[in-house]
Every structure is written in structure tokens, then in C-alpha cells.
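Asker: Let me begin by handing over the structure; questions about it come next.
Here, each number is a calculation from the coordinates, and none is a lab measurement. Bear in mind that the values here come from a model prediction, so they are computed numbers and not experimental data. Counting neighbours? That spans all protein chains shown, and the Cβs are built from the backbone with ideal geometry, glycine included.
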Amino acid sequence: MTNFPDGLYPRARFQLRSVNEPGQAEVVEELYADRPEYFSLKVYHGGYFTGMPGRAYDYGSITFVDFLKVHEFNVSEMYLIYPEFGYGFIPMNLRFYFKHPVGDLDTGLFPLRNSEDVTLLTSYIGVNGVREIELYVVTEELNEDTGKDVKSGTWRPHVREDAPVCRRLF
């Protein structure tokens, strides 16, 4: 039988934590002090990206997802986690982006679409003490003529296909 962290039960492979809980940085350090195989995602959801420069993520909520295993995490897991944020269905145009630990929203966004993207995301875990990655969830409704998101009126996040090779900072 698998040993699950305190508070988890065998059917759950993760644990949700509210953004309103105090001392977030201390919580993550305590969670993983003797569990190097786990990490957390700070998930921004329900909002949208503003334009560049100075891109922000507006009108969203934040939920922490804890006790994700580095070597078992995959994109499919995000589709299992997403309904736990209170959404009744998974939109067809749902997209995930993660931010490089020392990047910003203008230059440090990477798509999370496949196993190669997951490999890049998890490669940052443990480096320079990183135990938490920011993940952004958006639903994109692109206007075919302009390429802008219909809901926010902004351009789709500019994410370079060669980003993992040329943008890796550590």
C-alpha cells in the first residue's frame, strides 16, 4: 500500500489549499522538508491575461495544489484537478501555461500541453529550492481574423515553440 502524506486519502493524488491560509512560503517549506519527490502548483484560474508589456492575470482566483509527485505529474492530471476548483465542466478551449520560477508574465510563460512541457516544468523542482510553480489556466476564444482573445481583447500569450531550449534560465 502506498504511504500518502498526512491528510490525503488513497483516492486523492493531491491536496487543495486556499490562498487565504497564512504563511504560504512557510507552508511549502514545511510540506516538503523531508519529501523531495513532491511539489506544489500555485494555480491562477477563472481570469485572463492582459496585454503586453506588463502582462498581468486579471479577475481570477488562486488555489494551491499540493503533494504532486514530480515523476508522476502529467497534463492529464490538470484536467482531473480543474473541476476541483468549482467548475462544472472542462471547456474545449482550456489552456494551461506555467511561469518560469524567475521569469515574468511577459517573457517567462511556457505552454503545458504534453510530456515535453511537463519535463521542462518538473526540471525546475528542487533547483535553487524551488518547490512551487505558478500555473495559469485560461479559456481561449480566438477571433480568426485578428488572433485576439474574444473575451479579454488581448493577444494570445506569446509562447515560443523553442522556449525550452533558448529560454531556460537555470
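Asker: Given the Cα-Cα distance of Ser61 and Thr139 and 0.36 nm per residue of separation, how much length would full extension add, in nm?
Answerer: Working: separation 78, 0.36 × 78 = 28.08 nm, distance 1.41 nm.
Contour length minus the Cα-Cα distance gives 26.7 nm.
Asker: Give me the one-decimal nm value for the distance between modelled label points at Leu16 and Glu29, 7 Å along each residue's Cα-to-Cβ direction.
Answerer: Taking the simple label geometry, Leu16 and Glu29 are separated by 2.8 nm.
Asker: Quick check on packing: order 92-98, 48-54 by the mean number of other C-beta atoms within 10 Å, highest mean leading.
Answerer: On the way: 92-98: 16.3, 48-54: 14.3.
Ranked from most to least packed, the peptides come out as 92-98, 48-54.
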